[in-house]
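Coordinate-derived values only; no laboratory data. Just so we're clear, the structure is a prediction, and the values are computed from it rather than from any experiment. Cβ placement follows ideal geometry from the backbone for every residue including glycine, while neighbour counts extend to all protein chains displayed.
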Amino acid sequence: MSLVIKGASLLGEQAGDLYVDDSGLLVEAAPSGAETIDADGLVALPGLVDLHTHLREPGREDAETILTGSQAAALGGYTAILAMANTSPVTDTAEAATRVWELGREAGLVHVQPVGAVTRGLGGEELAELGLMHRSRAGVTVFSDDGRCVHDARVMRRALEYVKAFGGVVSQHSQDPSLAGSAACCHEGELSGRLGLPGWPGIAEEVIVARDVMLARHTGSRVHVAHVSTAGSVEVLRWAKAQGIDVTAEVTPHHLLLTTDLLTGYDPTYKVNPPLRPQEDVDALRGALADGTIDAVATDHAPHARHDKEHAFVDAAFGMLGLETALGVVRMAMPDLSWTDVARVMSLTPARIAGLADQGRPLAPGSPAHVVLVDPDAAITVDRDASASLSRNNPWHGRHLTSRVVHTVYAGRVTVRDGALA
Ligand SMILES: [Zn+2]
């Protein structure tokens, strides 16, 4: 199916038409017999790329499947998502990675790129089949034990050495377990004391970020810091980048907008790992994203079934939904970010970090037609029951956001039309 996308403002700048031929590529001239999408007043961006999505298949298909997660992603303007490895079973073999990749292709709404586990069973001790996962059809290049930290420095060093051979990257969930154990769930400070919740101090993140940038320097390999949440981590990243260390970092939409004081009501919707932080950290994260110290926005979309989330705060599962609201939240948190910068942090750079050559490409002839069309001025009120996700742990429910994803085009195919799945 060929397309003419008419009158969109490309990256928020000059208006132009985009032409898509029936092989799914952007081309110079309007193909004959093409369907026309009227994009007058809409901003066109390259399809968004999420470095950090939790799909729950295999193992917890009641919370999310690869299909429903792909639907949520398309509705959020994504054309590629990286599926984290902490499923059941864990994605720690070539076979498991290939299965996720295949199910993503069957769903056909976004590119689903499996993330491989760093260690077998996320156990933190023995390296998983890194090379075999890379050489499989899934072509895994990003490895992470996310949900858990690769806390053993020797294991982290070996993983970095191993992935260096094929240009891979280790995405680290930075949480020193001796400083923030598995029960830690509230930013450590006056509030955690008052609420009687186990504290999760910023230093537990910062010591791992500092250690890992030194390991990256020592090995000459590449490390990626998942969900950076503190001003101290930003300082370390700024220093490391100034030294030329090969490190990249992501921040979640929720850490750009929500603060720890939301926990006063003990609402488990706001329980997330790393925890929401005070305003000073939020300000530092925004500054770091704007100046490039933090490279990308990643959702950490973490669906949970009601019976895992609706508990007393300390017993509830960690995580919140994010795919469908990410763009609106980023616009709300950082209204001065240009559309070019939005494209950089939500598409171009994440595609480069993940090694997805097909994604995050300029809106120019020859590129695959992965395009999102956004109404920049639309006001939306989030309704958790309108979500494609199977889960409802949505911290944005009832909130007002700006910018609405109107159409999403994946490989030349319309996946979302007028805000609904096509
Ligand atoms: Zn994590």
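Since only HIS370, VAL405, PRO350 are under comparison, the one whose Cα sits farthest along the positive direction of the charge dipole of region 347-414, derived from C-beta charges on Lys, Arg, Asp and Glu, is PRO350.
On the principal axes of its alpha-carbon atoms, region 46-360 has extents of 51, 42, 41 Å, going from largest to smallest.
Based on the Cα gyration tensor of region 306-345, what are the three equivalent ellipsoid semi-axes, each the root of five times an eigenvalue, rounded to whole Å and given largest first?
Details: eigenvalues 206, 18, 11 Å².
Largest first, region 306-345 gives 32, 9, 8 Å.
Put a plus charge on the Cβ of each Lys and Arg, a minus charge on the Cβ of each Asp and Glu, and nothing anywhere else: the dipole of region 171-312 about its Cα centre is then about 220 debye. Using the Cβ of GLY121 as centre and a radius below 11 Å, the other residues enclosed give a net charge of -2, where K and R count +1 and D and E count -1.
Separation of region 125-171 from region 300-319 is 28 Å, based on Cα centroids. Counting only alpha carbon atoms, the long axis of helix 231-242 and the longest principal axis of the chain meet at about 70°.
Helix 153-164 against the longest principal axis of the chain: what's the angle in degrees, Cα atoms only, rounded to the nearest 10? Orientation of helix 153-164: about 30 degrees from the principal axis.
Our note on the geometry: Cα centres of region 342-420 and region 1-74, 8 Å apart. Only lysines eight or more places from LYS309 in sequence, or on another chain, were considered; those with a Cα closer than 26 Å are LYS271.
Mind checking which of THR91, ALA165, GLY123 is farthest towards the positive end of region 89-174's charge dipole, using Cβ charges of +1 (Lys, Arg) and -1 (Asp, Glu) about the Cα centre? Checked the options; the winner is ALA165.
Put simply, when 276-285, 119-128, 198-207 are sorted by average Cβ atoms within 10 angstrom per residue, most first, you get 198-207, 276-285, 119-128.
Summing Lys and Arg as +1 and Asp and Glu as -1 over all other residues whose Cβ lies under 9 Å from the Cβ of LEU390 gives a net charge of -1. Only beta bridges with both residues in the chain are counted; by DSSP, about 45 percent of them are antiparallel.
Only helices enter this figure: runs of n ≥ 4 DSSP H residues, each worth -39500 (n - 2.57), summed and divided by the residues of the chain, yield -8000 deg cm²/dmol at 222 nm to the nearest 500. When the Gaussian network model of the chain links Cα atoms closer than 10 Å, the mean-square fluctuations of LEU132, LEU55, LEU26 top out at LEU132. Evaluated with a Cβ-only charge set (Lys, Arg +1; Asp, Glu -1), the chain carries a dipole of roughly 660 debye about its Cα centre, given to the nearest 20.
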